[in-house]
Structure formats: structure tokens, C-alpha cells
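Taking it in order: structure first as C-alpha cells, then the write-up.
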Amino acid sequence: MCIGSNIDKIGQQSLIKEFKKMNQLYLSLSDRFSFQFLSMGMSSDYALAQQHGSNMVRIGSLLFGRRL
């Protein structure tokens, strides 16, 4: 599981680089360690994460709203 940097602070292109790097790491290690899931992406960036290899996202804020 990884949590990318805040897209509002670093911008979309930098976040894409982070997601690509994590996907490369996942692919290089998944066979050796039997990883099944690459969990990256949250409510604000889940679509980008899915486009770059995530197969599990955390979207609690979209489902339940922001924390009080």
C-alpha cells in the first residue's frame, strides 16, 4: 500500500511519476513475494492510480464524506 503525495501540492504529473514508480516496484517484486494487490490511490486521486496499475483503492471520503 502506498499513499501518494497531495495532488494539490505537487501536481498531477509528479503524482503520476510516483504511481508509475510504485507500479514498477510492484511488478518487479510481485512474483517473488506473491503480491496480489497494489493498493494506491485515495478519494482525490483514485482514477489516476487505477490508470497506473492500482487494483485496490481507498475511497472512504467519497463514500462517507470528509471527516469532521
Practice task
Scan segment 15-30 for residues that are farther than 16 Å from A47 by Cβ and among the polar types (S, T, N, Q) and jot them down.
Solution key: Q24, S28, S30
Completion exercise
Of the residues in segment 43-59, those that are in a helix (DSSP H, G or I) and under 8 Å from the mean Cα position of the chain (by Cα) come to Y46, L48, A49, Q50
Practice task
Return the total of residues in segment 1-13 being part of a helix (DSSP H, G or I) and surrounded by 13 or more Cβ atoms within 10 Å (Cβ to Cβ).
Solution key: 2
Practice task
Hey, could you check segment 49-63 for residues that are under 13 Å from C2 (Cβ atoms) and among the aliphatic types (A, V, I, L, M) and say which is surrounded by the fewest Cβ atoms within 10 Å (Cβ to Cβ)?
Solution key: M56
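State yes or no: is S44 in contact with a strand residue (DSSP E or B) (Cβ under 7 Å, 6 or more places away or on another chain) and in contact (Cβ under 8 Å) with a residue 24 or more places away in the chain?
no
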Problem - Residue that is surrounded by the fewest Cβ atoms within 10 Å (Cβ to Cβ) [pool: residues in segment 19-42 that are at pLDDT 95 or above and assigned to a loop (DSSP other than H, G, I, E, B)] - result: F37
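The values are calculated or read from the model by the stated rules, or taken from the named source; none is laboratory data. The structure displayed is predicted, hence computed values, not measured ones. Glycine also receives a Cβ, built like all others from the backbone with ideal geometry; neighbour counts cover every protein chain displayed.
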